[in-house]
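Chemist: Take a look at this one; I'll ask things after.
Just so it is clear, none of the values below were taken in a lab; they were calculated from the coordinates. Quantities reported herein were computed from a predicted structural model and do not represent experimental measurements. Positions of Cβ are backbone-derived with ideal geometry, glycine not excepted, and every protein chain shown enters the neighbour counts.
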Amino acid sequence: MDFSKFFDDEFNVIDWLNQAFRLQKESNQNIDNYTGTLITKLQMYIQEMNNSIEETSQQAVQQFPRVLREIDVLRHEATLLQEQMRTVRGDIQKVNQDTADGMRNLIQLDSVKNRIQSASKALQEADNWVTLSAQIEDTFESKDTVQIATKLIAMQQSLKILTDVPDYADRVNRLELLKNRLEALISPAVVVAFNTQDVEMARSFAQVFQSMDRAQQLEDLYVTSVKTRLDARIKEIIDSTNGEHESIFIAIYDYLLNVWQDEIRWSTKIFNHPNRVTLSIILNGLKIFHSKYKNQFNTELQRQQTISSKNRLDILIACKRVSYRKVKKRKRKRKLKVPS
């Protein structure tokens, strides 16, 4: 007989009895004997379960005081842990507060240090300005352009710190006058470097002008120096074409294109804005050509009064046609250079 069915959650006594008597029929045992045996087994099983329950109860009763003691110990330890956590939390809050106060003090000290350094630097620069200002005239008399430039750059740096002094505007004006004197002093040497295409010398002058915030003035000086060369060459081209207007335009456009290519290469080595410099040179060339060609064209018209209006118009149309072809050709070349 399977007594394990009693442990099933869905135990049904009727099903169990039916199963038990079904086994009796299959074994052909006497029903009274089978029933008596089954009852005896059930009683023995009940007795065994009672003994087990009693034994378990005795063990539980014996262990209950120890469990209570352990519960008391755990409760005490939990109380101690709670107190320790409260203490640690207080310590953490104190550390955070102390850290915050310390950081505020550090920030304040750093701010004070920076102010002291700024004040010290301002005093040093003020003293430096006075010293340099007293020395600059002697340096100009020596005509040592390198030393002059060095002192002017140092004075310029000092002025950047002394923006709040009462005589700041006067100092700025004095520095600009000194820069003008230096520029006038070195301009001849700069022009020589430009005319001889001396890259190293031109670069050294460019560094000086850039350090003095006068890069634009150096560019203007270079554009002016090139203008004389343009003027002479354009006049030569116009004079050499024997009044053939279409040939004049072709030669001028070819010349200015070569000038553009040469100047962009040169200016890139010297200036921070080579495109601006080159464009100024080309514009000057066009202005020179316009002025000289206009004068020659008007002179020719006055000299040849017999030229009809139609012939005059034909000359202008031919010149425009040359200009159009040159521009169109230039655009086509630029498109070919664009990567696909």
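Chemist: For a Förster distance of 56 Å, can you work out the FRET efficiency between the beta-carbons of E176 and I107, rounded to the nearest 0.05?
Modeler: Result of the calculation: an efficiency of 0.85.
Chemist: Shape of the stretch 132-239 from its Cα gyration tensor (a ≥ b ≥ c, root eigenvalues): rounded if a/c is under 1.5, otherwise prolate when a/b > b/c, or oblate?
Modeler: Verdict is prolate for the stretch 132-239.
Chemist: State which entries of K235/K269; K160/K287; K160/K227; K151/K287; K143/K269 exceed 31 angstrom in Cα-Cα distance in the structure shown.
Modeler: K160/K287; K160/K227; K151/K287
Chemist: Would you mind checking the stretch 217-238 for residues with the amide N under 18 Å from a putative spin-label position 7 Å along Cα→C-beta of A184?
Modeler: Correct set: 217-218, 221.
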